[in-house]
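The values are calculated or read from the model by the stated rules, or taken from the named source; none is laboratory data. Small disclaimer: the values here were computed from a predicted structure and weren't measured. Note that we place each Cβ from the backbone using ideal geometry, even for glycine, and neighbour counts take in every protein chain shown. Accessible surface areas use protein heavy atoms only, side chains included; no ligands, DNA or RNA. Shrake-Rupley method; radii C 1.70, N 1.55, O 1.52, S 1.80 Å.
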Amino acid sequence: MKILVAVKRVADYNVKVRAKSDNTGPDLANVKMAINPFCEIAVEEAVRMKENGIASEIIAVSVGPQSAQEQVRTALALGADRGILVQTDTDLEPLAIAKCFKAICDNEKPDMVLLGKQAIDGDNNQTGQMIAALTGWSQATFASEITIDGDAVTVIREVDAGLQTVKLKLPAVITADLRLNEPRYASLPNIMKAKKKTIDNTTPEELGVDTSPRVTLLKAAPPAERQAGVKVEDVAELIDKLKNEAKVIS
Amino acid sequence: MNQLYFSEEQNMLREQIRRFVEQEIVPNGEQWEEDGFVPRDVLRKMGDLGLLGIRYGEEYGGSNMNTLSSVILAEELGRSTFGGFVATVMVHTDMASPHLENFGNKTQKDKYMPDLISGKKICVVAVTEPDAGSDVQGMRTTATEDGDSYLLNGSKMFITNGVKGDVYFVAAKTDTSVKASRGITIFIVEKGMEGFSVSRALDKQGWRSSDTAELVFDNCRVPKENILGELNKGFYSIMKNFQNERTVLAAQSIGEASKALEITLQYVQDRKAFGETLWDKQTIRQRLAMLQAKVEAGRQLTYHAAWLDSMGQDCVKEVSMAKAFCCELVNETMYTCQQFHGGFGYIRESAIERMVRDARVQSIGGGATEVMLEEISKRSIVD
């Protein structure tokens, strides 16, 4: 089985991201970048499938700037076999990214596309679903357990009401939730081996993808600062404040 | 970041170590401080990740990288805020095992290297004595020939990893009739050899998660095949690794100082006094700004010294500068960071309190600042 796994370059989860002073977007200058944590979980799952003899080849794919090659290389150090970087300097929307993946699926014909459920930059949670729609493949989002038996896949999904089990046929698109696994560290010998693995470069244009934005960003601003709370003496005062100051009860 | 000195692989190495430190070390370090040592399974985990064999041959599980990669390891481990943990690892990787790498014969390397790189065995270097530290030639431990072995007699002091270690590289005088530099030999001594004992675990001001011992050799019989390198050439072996030891101590200091500044910047920007944050006070933010400048200068000096070493160039002057400057600077930084933490900085539960204690030894161990300054001076005489 051949697996395509997505890795996105995002600001490291430890970084406190600020809005640019001209409000045109987040300020990412000199910010530490890393693989989106959910993508890392997807990579880990693919590598485990390979270790268990289920997968035969893992291709790590990123859509982003030239520097996103670092994240593809990290995926190779974690165990992916080769990489593809769809290079673009524009910040693509989920639909454009999904179209790039559709084009790569047409070329590579994988049996499964594994992605993070969302990236921690835009928190869009759309790319996986859109790839499934464009390819017409079955999909399971928010996976917390994946079991494969021949071309049948059983996925336990994390949904608001609890856990839901779905059965799919390959090829399929699956997105990883937080509890699917705990990603490993890349060992130094594997980092050194990753150097010898190939990363193919392409562009959205070469893939014939129209990347024009569907959404216009008007303004990026930090959320309003939270007001300090007040301590109330007793329940009566609390009810009074809720009624007359906050006006949330009547 | 730092494209001047580091390759893509080295940047990835740094990223993985940083994550490992945040997830595996920081949450557990306080327990190890109480226990007085780092548990072996942590070192094995580091071995599995290849972090204990950065510099060594692939045939033994190493990765053949250069001095700059050791610097990355020391700097990132330094960010853990647990100096004792860092000492445990760095003595194993960059102060003790290099003796085997540099001077061991194939049989010795085949026997010990795989276990040292995987972390199954932890190694120790025993040179310092109660009466001989930076002055290596003043050592009193002797080894006398006796049939197909040598008998070691004497004691060793302040030996990091000494309590829990497995393989000890012990320096002793094998010829007292010549100049000391020509009469010292290093022996491989294994835990459990007859006549070798750990006389006590030492109680230290800082580095409390590192086990430090006094060792005693009482007619300890060591077979001749355990001579590391050549007979009477041990002094040169010790000297050879000094530059590496000192470079990683400088790097560790820079990692610690950087982390202390990050913690303190966070603290002063949150802490309110007299109606504003401490950060709003010009003296405080300017002193932290200056310290950031100094730490960055120390970092670049350390990278430069390590780069010279990785290019095989003479770097004794630069390494001595880096060791003296960074190991003093980490103390200056800790003093100020503790000061700006106010009362909290004096309480055991704050990281900065521990970091102050841990930093102190770094201007003493691995070549005291005064010795480093003499090394610089010796190389500064104008004809």
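Listed by first and then second residue, the pairs with beta-carbon distance under 9 Å, at least 6 apart or on different chains, first residue in the stretch A:186-197 and within 7 Å of chain B (Cβ to nearest Cβ) and open to solvent by 60 Å² or more (accessible area, probe 1.4 Å), second part of a helix (DSSP H, G or I) and charged (D, E, K, R), are A:K195/A:R73; A:K195/B:E8; A:K195/B:E9. Restrict the check to the stretch B:82-102 and report whether at least one residue is open to solvent by 10 Å² or more (accessible area, probe 1.4 Å), more than 21 Å from the chain's Cα centre (by Cα) and under 23 Å from B:V189 (Cα atoms). Looking through the stretch B:82-102, none of the residues is open to solvent by 10 Å² or more (accessible area, probe 1.4 Å), more than 21 Å from the chain's Cα centre (by Cα) and under 23 Å from B:V189 (Cα atoms). Residues in the stretch B:58-76 that are more than 19 Å from B:V167 (Cα to Cα) and within 14 Å of chain A (Cβ to nearest Cβ): B:E58, B:E59, B:S63, B:N64, B:M65, B:N66, B:L68, B:S69, B:S70, B:I72, B:L73, B:E76. For the stretch B:1-40, the set of residues classified as open to solvent by less than 60 Å² (accessible area, probe 1.4 Å), within 10 Å of another protein chain (Cβ to nearest Cβ), hydrophobic (A, V, I, L, M, F, W, C) and farther than 17 Å from B:N66 by Cα consists of B:F20 only. Scan the stretch A:1-32 for residues that are of a type outside the set (D, E), in a loop (DSSP other than H, G, I, E, B) and open to solvent by 40 Å² or more (accessible area, probe 1.4 Å) and the total you get is 15. When the strands (runs of 3 or more DSSP E) confined to the stretch B:89-191 are screened for residues that are within 16 Å of B:E230 (Cα to Cα), those reaching at least 1 such residues are found at B:142-146, B:149-160, B:167-173, B:184-190.
When each of A:I35, A:I54 is tested for being touching a residue at least 40 places away in the same chain (Cβ under 8 Å) and buried (at least 22 other Cβ atoms within 10 Å of the Cβ), the lone residue that passes is A:I35. Can you tell me which residues in the stretch B:247-262 are open to solvent by less than 60 Å² (accessible area, probe 1.4 Å), more than 12 Å from B:T336 (Cβ to Cβ) and not small (G, A, S)? Of everything in the stretch B:247-262, those that are open to solvent by less than 60 Å² (accessible area, probe 1.4 Å), more than 12 Å from B:T336 (Cβ to Cβ) and not small (G, A, S) turn out to be B:T247, B:V248, B:L249, B:Q252, B:I254, B:E256, B:K259.
Close Cβ contacts (under 7 Å, 6 or more residues apart or on different chains) running from residues in the stretch B:234-246 that are among the β-branched types (V, I, T) to residues that are modelled with pLDDT under 90 comprise B:I238/B:V136.
Tell me whether the stretch B:41-54 contains one or more residues that are in contact (Cβ under 8 Å) with a residue 12 or more places away in the chain, more than 14 Å from every other protein chain (Cβ to nearest Cβ), among the acidic types (D, E) and assigned to a helix (DSSP H, G or I). No, the stretch B:41-54 contains no residue that is in contact (Cβ under 8 Å) with a residue 12 or more places away in the chain, more than 14 Å from every other protein chain (Cβ to nearest Cβ), among the acidic types (D, E) and assigned to a helix (DSSP H, G or I). When restricted to residues that are under 16 Å from A:L4 (Cα atoms), part of a helix (DSSP H, G or I) and either in contact with a Lys or Arg (Cβ under 8 Å, 6 or more places away or on another chain) or away from chain B (no Cβ under 12 Å) (or both), the stretch A:61-72 contains 1.
Among residues of the stretch B:359-383 that are under 24 Å from B:F158 (Cβ atoms), none has a beta-carbon under 7 Å from a residue that is β-branched (V, I, T) and open to solvent by 30 Å² or more (accessible area, probe 1.4 Å) at least six positions away or on a different chain.
Here is a yes/no grid of residues against (1) open to solvent by 40 Å² or more (accessible area, probe 1.4 Å); (2) farther than 20 Å from B:A96 by Cβ:
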residue	(1), (2)
B:A132	no, no
B:E145	yes, yes
B:K156	no, no
B:F169	no, no
B:D175	yes, yes
B:A180	no, yes
B:G183	no, yes
B:G195	no, yes
B:V198	yes, no
